[in-house]
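Following: one structure in structure tokens, then a few remarks.
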Amino acid sequence: MRIRSELIIFFLVISVLPLSAVVYISYNYSEGAIRDSVRATLSGATENTGNAIENWMDARKDDIRVISQLNVAVESPKEQFKDYIKIFENEHQGVYREFYMLDPSGNITFSDIDRTGNEGQKSYFQEALRGNIYVSDVSLSNISDTPEIIITGPVRKNGETVGVLAARVSLENLYRIIEKIDIGKSGEVFIVNQDGDIIFHKNRSRILQENINNNFAVKEVTYEKNGINEYVNYKGQKVLGSYYWLPLYRWGLIVEKNIDEAYVGVLILGKVMVAISLFAVMGVVFFAVVISGNITRPIKSLEEGSMGLLRGNFKPIPVTSVNEIGRLTELFNSMAGELLEIRKKLEAKIELANKDLEEKNKELTCANEELKKLDELKSDFLSLVSHELKTPLSSMKISAEHLESEENIDNATRKELLSIIIRNIDRQTRLINDILDLSKIEAGKTELHLENVSIREIADASFENIKQIANKKNISIILDIPNDLSSVMADREKLIIVLNNLFENALKFTSGGGSIILSAAEDSNSIEVSMKDTGIGMEKEKLEKIFDKFYQVDSSSRRKTGGCGLGLSISSGIIRAHDSVINVESEPGKGSTFSFKLKKG
Ligand code: ADP
């Protein structure tokens, strides 16, 4: 996994876990607080409403108590009392439907709506007659069919109860007070009597028409309990219900709120917490991405730098921070620089070593070829030498046998046979000498006895050696050597060998009637000696090989002309020993010119 992903996961783990714990704890705590507060508010509102009901009822009882004590009720004529009552009713708009008086027998002696009758059997009459202010149960009015109560109080004259003052009180005003309770959209408030009959409800038609004593709160309140609870109400809905018992009137006030609506704060809290958590997680992710990016970017640069270093196209990594990573980057840059330097040096060394190896390889190949050549030469040499030695030996043997077998051999024949033997011995001696000379030259063992040598003198000596052959072959020899030619620093004997060889070759490869010119010319430092013949010449490509040992342009020439391909090798070896070279120019059919330069003496 990449470091960046690991860092993001790390940040998420270390922040999201505690965050979740905090969110969870605060949610639980706040949820409890909200629930408590909702319950406290609802029961407080219920209790306040209960108190308001009691206050309102007390005010009604006080009205009866006060009016029943008034002179206008006891002493004054009925008309005057009626006027008073009308004014009083107007002052308490909508509260009182009727004030009326009853005599001790229960007969209605006064009614502000001029009603008559006897209510002697009613408990509210009997209680008042006993001297109590009494409140009847809620009932539906005979007249308006709407809920009302009758409040009664004794009327006294000189300390004696002379009648009862009664008022039919509409509960509408009281209901309006109750309806002020906040019950939300789906809540319900109702008052029940001790039997569970509804005596207040928003829907007035339900009053005294329904009994809901199967409701949990109704049961509780009719046991004269106050409280608040969550339960399933008589409609099958889950509610939070608060109930308050009014003992004076044996009424139970019940306020129910749909549980979801009641605890909507908890729902909102949950949503807020989820939103906060999401926001926090997004914040954490954002910061984790930014921070991990800041941390891993330089590491990535280091990685790319390392790859570049491996591929050899390293560019210094920009240092973007002053922290440990920044210092690491600086360190890496300088290390990479040093490495590149070392690499360059190594590469240069390897290149050199490679070149060296190539050179050595070439040398080895050359040496190998040389060795092969040498090997071939060795075989050639062996076959040639054995052939060259064998041929004279066989003719010597024949001559010797002939001498041995013939006793009466004449002098001339004997001389001829002996001269054959001597000639072959010479031939063999020359060959062996040639080989020995060449091996010395090649081993660098030729000792030069350098002295001032006159080319003229050497040319003459050499000419003496070959002039008979030249005459025999009818080849003219011209020595074109100035008389005042300077001397050269050379080994006389060896130089004669060179000229002999060149003359012998020229004679061998020039036919009768041809000519050979030996010339010499000098410049400031040296003298150039050249031998030009009018012989058969050679092809250009053969020229570089003629100085090799045992090389002959025409291998059949050995039989025709003699020689074994060592003359030019020996000659060029001798000239080389004089720090010079033999050059050759030749064309088939047009003759050849051999030349070399020697330092002046
Ligand atoms: P060889 O004993 O065969 O003369 P050399 O080393 O002296 O050996 O000469 C090598 C060969 O070079 C000869 O065999 C011949 O083919 C060629 N060569 C040398 N000199 C001449 C020349 N003057 N004209 C033509 N060919 C020559």
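The values are calculated or read from the model by the stated rules, or taken from the named source; none is laboratory data. Since this is a predicted model, take the numbers as computed values, not measurements. Neighbour counts are summed over all protein chains in view; Cβ atoms, including those assigned to glycine, are modelled from backbone coordinates with ideal geometry. Note: accessible area is taken over every heavy atom of the protein model, side chains too, but ligands, DNA and RNA are not part of it. Shrake-Rupley method; radii C 1.70, N 1.55, O 1.52, S 1.80 Å.
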How many of the residues in the range 71-84 are touching a helix residue (DSSP H, G or I) at 6+ places or on another chain (Cβ under 8 Å) and at pLDDT 90 or above?
3
Can you tell me which residue within the range 466-506, out of those that are open to solvent by 50 Å² or more (accessible area, probe 1.4 Å), polar (S, T, N, Q) and not in a helix (DSSP H, G or I), is nearest to the ligand (Cβ to nearest atom)?
Ser476
When only residues in the range 164-188 that are closer than 29 Å to Ile113 by Cα and out of contact with any Phe, Trp or Tyr (no Cβ under 9 Å at 6 or more places or on another chain) count, which is surrounded by the most Cβ atoms within 10 Å (Cβ to Cβ)?
Glu172
List the number of the failed condition for Gly312; all other conditions in (1) open to solvent by 30 Å² or more (accessible area, probe 1.4 Å); (2) in contact (Cβ under 8 Å) with a residue 60 or more places away in the chain; (3) small (Gly, Ala, Ser) hold.
(2)
So is Lys540 among the basic types (Lys, Arg) and within 7 Å of the ligand (Cβ to nearest atom) or not?
no
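Here is a check on your reading of the model: is Ile325 touching a residue at least 24 places away in the same chain (Cβ under 8 Å), in contact with a Pro (Cβ under 8 Å, 6 or more places away or on another chain) and among the aliphatic types (A, V, I, L, M)? Walk me through how you get there before you give the answer.
Values: touching a residue at least 24 places away in the same chain (Cβ under 8 Å): yes; in contact with a Pro (Cβ under 8 Å, 6 or more places away or on another chain): yes; among the aliphatic types (A, V, I, L, M): yes.
Here the answer is yes, as Ile325 does meet what is asked.
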For the range 69-134, please list each of the helices (runs of 4 or more DSSP H) lying entirely inside it that holds at least 3 residues being closer than 25 Å to Trp56 by Cβ.
78-91, 123-129
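Listed residues Leu566, Leu598; which is touching a residue at least 40 places away in the same chain (Cβ under 8 Å), surrounded by 15 or more Cβ atoms within 10 Å (Cβ to Cβ) and more than 11 Å from the ligand (Cβ to nearest atom)? Full working, then the answer.
Details: Leu566 fails: more than 11 Å from the ligand (Cβ to nearest atom).
Result: Leu598 is the single residue among Leu566, Leu598 that is touching a residue at least 40 places away in the same chain (Cβ under 8 Å), surrounded by 15 or more Cβ atoms within 10 Å (Cβ to Cβ) and more than 11 Å from the ligand (Cβ to nearest atom).
Test Ser530 against the criterion of being modelled with pLDDT of 95 or more, surrounded by 12 or more Cβ atoms within 10 Å (Cβ to Cβ), touching a Ser or Thr at 6+ places or on another chain (Cβ under 6 Å) and over 16 Å from His578 (Cβ atoms), and give yes or no. Can you show your working first?
Working: modelled with pLDDT of 95 or more: yes; surrounded by 12 or more Cβ atoms within 10 Å (Cβ to Cβ): yes; touching a Ser or Thr at 6+ places or on another chain (Cβ under 6 Å): yes; over 16 Å from His578 (Cβ atoms): no.
Criteria not met by Ser530.
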